[in-house]
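Below you'll find the structure, written out as structure tokens, and then a few comments.
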Amino acid sequence: MPRVQIVRHPVVQHKLTELRDQRTGPKRFRELLREITPLLLYEATRDLEVEEVVVATPMGEARGHRLRWTIGLVPILRAGLGMAEGALQVFPEAQVWHLGLYRDEHTLQPIAYYNRLPPRPTVAWCFILDPMLATGGSAVAAVDILKRWGVPRVVFVGLIAAPEGLKRFEAAHPDIPVVVAAVDDRLNDRGFIVPGLGDAGDRQFGTASG
Ligand code: PRP
């Protein structure tokens, strides 16, 4: 898998464009996020290992494949919450580990405020879910936490990334793949992605940015 994979599928791009549109309200925004996440995960999981199994059909034996490892979904609060439901459609048995990170609006540094990971990893693959990778601080911090926890494989799955954030992420974690629907032009002086879609948390939950 290439380090940064942009999912250019027309259905993904169609949904992303509706998400970007400022006329899209919170209800439709949440629906779109739920719909687009399985499509991103479909691409992000191409390298999952499988094992061969044999099952009995009503007509005989069939060789097939079963996913080999347990999966963890790691939505980053708040905005990643909207991706968790869609991701659970792909992996209904996945464990969901919430991480709370917010970006200090002055320093733009990520602040961790919620982490209930158990002492030792209980999953082999973790998919971080967060719509936005802006300065990259939150994504880097999330991977730092998961690596310290000891999970063997981590993939970042998001909607939109900024080139500045990808550069920072790649410098910190060159081994971690990133799967997104778009890489936009730049960050503005408040650390927002341009053109982006605004604040993904506020747009999902109907809260005004201050
Ligand atoms: C947003 C977004 C990411 C982070 C990206 O969350 O969902 O978590 O910012 O920015 P970064 O790459 O510069 O770290 P925010 O801090 O606004 O918190 P929220 O989801 O609770 O609104």
Exercise for the section: Would you be able to say whether some residue in the range 144-160 is in a loop (DSSP other than H, G, I, E, B), under 16 Å from the mean Cα position of the chain (by Cα) and closer than 16 Å to ILE6 by Cβ? Expected result: yes
Exercise for the section: Identify the single condition in (1) over 27 Å from LEU39 (Cβ atoms); (2) touching a residue at least 60 places away in the same chain (Cβ under 8 Å) that PRO174 does not satisfy, given that it satisfies every other one. Expected result: (1)
Practice task
Report whether or not ILE176 is in contact with a helix residue (DSSP H, G or I) (Cβ under 9 Å, 6 or more places away or on another chain) and either assigned to a helix (DSSP H, G or I) or within 12 Å of the ligand (Cβ to nearest atom) (or both).
Solution key: no
Practice task
Say whether the condition of being at pLDDT 95 or above and in contact with a Cys (Cβ under 8 Å, 6 or more places away or on another chain) is met by at least one residue in the range 47-55.
Solution key: no
Fill in the blank from the handout: Note on the range 72-128: residues out of contact with any strand residue (DSSP E or B) (no Cβ under 7 Å at 6 or more places or on another chain) and of a type in the set (Gly, Ala, Ser) are GLY82, GLY86
Completion exercise
Checked THR135, THR122 against criteria (open to solvent by 20 Å² or more (accessible area, probe 1.4 Å), assigned to a loop (DSSP other than H, G, I, E, B) and within 12 Å of the ligand (Cβ to nearest atom)); the one match is THR135
Problem - strands (runs of 3 or more DSSP E) within the range 42-104 that include 2 or more residues more than 16 Å from the ligand (Cβ to nearest atom) - result: 50-57, 60-67, 71-77
Practice task
For the range 179-210, enumerate the residues that are more than 10 Å from the ligand (Cβ to nearest atom), outside any loop (DSSP other than H, G, I, E, B) and surrounded by 19 or more Cβ atoms within 10 Å (Cβ to Cβ).
Solution key: VAL179, VAL180, ALA182
Handout entry: Positions within the range 1-54 being under 14 Å from GLU85 (Cα atoms), open to solvent by 50 Å² or more (accessible area, probe 1.4 Å) and touching a residue at least 40 places away in the same chain (Cβ under 8 Å), in sequence order
Key = ARG30, ARG34, GLU35
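The values are calculated or read from the model by the stated rules, or taken from the named source; none is laboratory data. As the structure is a prediction and not an experimental result, all values here were calculated from the model. Cβ coordinates were reconstructed from backbone atoms using ideal geometry, including for glycine residues, and neighbour counts include every protein chain displayed. What goes into the accessible areas is simple: the full protein's heavy atoms, side chains included, and nothing from ligands, DNA or RNA. Shrake-Rupley method; radii C 1.70, N 1.55, O 1.52, S 1.80 Å.
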